[in-house]
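What follows is a short report on a single structure.
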Amino acid sequence: MFTANSALLSSRGVKWRCAAVLSLALVAALSLTGRAGEGTSGIAVLELLPLGEHWFTQNAGPPSVIPGPGQIAVVGLLDDPTLAVRDIRHIALYAPDGEPRQLTIESQSIFRDLGHIVSLRCSFLANESEVTSDKPFTIIWGPEIQAEHAQVARLTLDLEQRERYREFRWRREDGTAASDATVASVEVIADSSAAYHFLWYLLPMAAILTLLTVRKFLARNPGNSTRP
């Protein structure tokens with residue numbers, strides 16, 4: 001009787017573990033569905049910092065980002081797991097006073113995944129008073145956004161005006177840094193007592209395979225989208 005009960009408990013343990021793994025797969029399914037659809041929405045607050053020397057060494061050449069009198073040029077990288085838009089017009093920049101501002105986007109830096117823009121480098125011009133203001137610049141993205149931006153092949157800087165450049169780092173509205181990645185892992189636990197119940201582990205594998213198939217199908221059929 002003790003052996004039978006132990007086998008039953010082991011079987012139930014295997015099923016519970018498989019159910020937990022399958023739940024993770026379903027959560028991932030919802031995430032992938034949103035990523036492969038019309039895109040995501042979000043808001044980020046920008047923090048302006050002194051520009052690192054690597055920006056000047058890696059972006060030498062005839063300057064394409066030139067601050068005017070009384071202006072500061074701000075450059076940075078938009079790269080976050082929550083960012084996924086079909087068009088650069090679905091990203092908008094707002095000054096501390098709430099007025100929209102134009103971005104200058106480096107076209108060769110635009111990176112797409114499943115038809116969505118998930119990473120790009122950009123710049124914008126700010127007044128000196130805005131750089132020291134207590135109110136931040138913000139970036140908003142989503143399928144409902146319609147903003148106009150300029151594009152250049154490369155963001156190149158004026159080496160003679162190093163003190164008039166800044167770098168932005170962005171933080172999402174929930175306060176987490178943009179570099180904080182959300183990582184989901186699926187752990188398969190080997191159970192020598194599983195015996196005839198090993199087939200339960202195929203359920204989450206089948207779910208993940210289905211997700212990948214749907215993701216590939218949606219990537220090939222993105223639907224109507226605008227072009228930058």
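The values are calculated or read from the model by the stated rules, or taken from the named source; none is laboratory data. Since the model is a prediction, treat every value here as computed from it, not as a measurement. Positions of Cβ are backbone-derived with ideal geometry, glycine not excepted, and every protein chain shown enters the neighbour counts.
Okay, residues lined up against (1) in contact with a Pro (Cβ under 9 Å, 6 or more places away or on another chain); (2) not hydrophobic (A, V, I, L, M, F, W, C):
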site: GLN71; (1), (2): no, yes
site: VAL75; (1), (2): no, no
site: THR82; (1), (2): no, yes
site: ALA92; (1), (2): yes, no
site: PRO96; (1), (2): yes, yes
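Apart from one condition, LEU125 fits all of (1) under 22 Å from the mean Cα position of the chain (by Cα); (2) assigned to a strand (DSSP E or B); (3) free of Cβ contacts under 8 Å to residues at least 60 places away in the same chain; the exception is (1).
For segment 152-167, indicate whether the set of residues that are in contact with a helix residue (DSSP H, G or I) (Cβ under 7 Å, 6 or more places away or on another chain), at pLDDT below 90, among the aliphatic types (A, V, I, L, M) and buried (at least 17 other Cβ atoms within 10 Å of the Cβ) is non-empty. Scanning segment 152-167, I find no residue that is in contact with a helix residue (DSSP H, G or I) (Cβ under 7 Å, 6 or more places away or on another chain), at pLDDT below 90, among the aliphatic types (A, V, I, L, M) and buried (at least 17 other Cβ atoms within 10 Å of the Cβ), so the answer is no. Here segment 98-123 is the region considered, the condition is being within 20 Å of GLU167 (Cα to Cα) and among the charged types (D, E, K, R), and the residue that is surrounded by the fewest Cβ atoms within 10 Å (Cβ to Cβ) is ARG101.
Tell me, which residue of segment 46-65 that is polar (S, T, N, Q) and not in a loop (DSSP other than H, G, I, E, B) is surrounded by the fewest Cβ atoms within 10 Å (Cβ to Cβ)?
Let us first name the residues in segment 46-65 that are polar (S, T, N, Q), namely 57-59, 64.
Among the residues that remain, those that are also not in a loop (DSSP other than H, G, I, E, B) are: 57-58.
Numbers: THR57: 9, GLN58: 11.
Here the answer is THR57.
Scanning segment 71-80 for residues that are under 13 Å from TRP141 (Cβ atoms) and either at pLDDT 95 or above or of a type outside the set (A, V, I, L, M) (or both) yields a total of 2. Residue pairs whose Cβ atoms lie under 8 Å apart, sitting 6 or more positions apart in sequence or on different chains, and linking a residue in segment 130-148 that is assigned by TED's automatic domain parsing to the domain that holds GLY98 to a partner that is aromatic (Phe, Trp, Tyr) and surrounded by 18 or more Cβ atoms within 10 Å (Cβ to Cβ), are GLU130/PHE137; PHE137/PHE124; PHE137/PHE168; ILE139/TRP170. Scanning segment 66-90 for residues that are outside any loop (DSSP other than H, G, I, E, B) and either outside the structural domain of GLN161 (by TED's automatic domain parsing) or within 22 Å of ILE117 (Cα to Cα) (or both) turns up VAL74, VAL75, GLY76, LEU77, LEU78, ASP79, VAL85, ILE88, ARG89, HIS90.
Does segment 128-165 hold any residues that are assigned to a helix (DSSP H, G or I) and of a type in the set (Val, Ile, Thr), and which are they?
So the first thing to find is which residues in segment 128-165 are assigned to a helix (DSSP H, G or I), and the list is 128-131, 159-164.
The answer is VAL131, and nothing else.
Within segment 109-122, how many residues turn out to be β-branched (Val, Ile, Thr) and part of a strand (DSSP E or B)? Residues flagged as β-branched (Val, Ile, Thr) and part of a strand (DSSP E or B) within segment 109-122 amount to 2.
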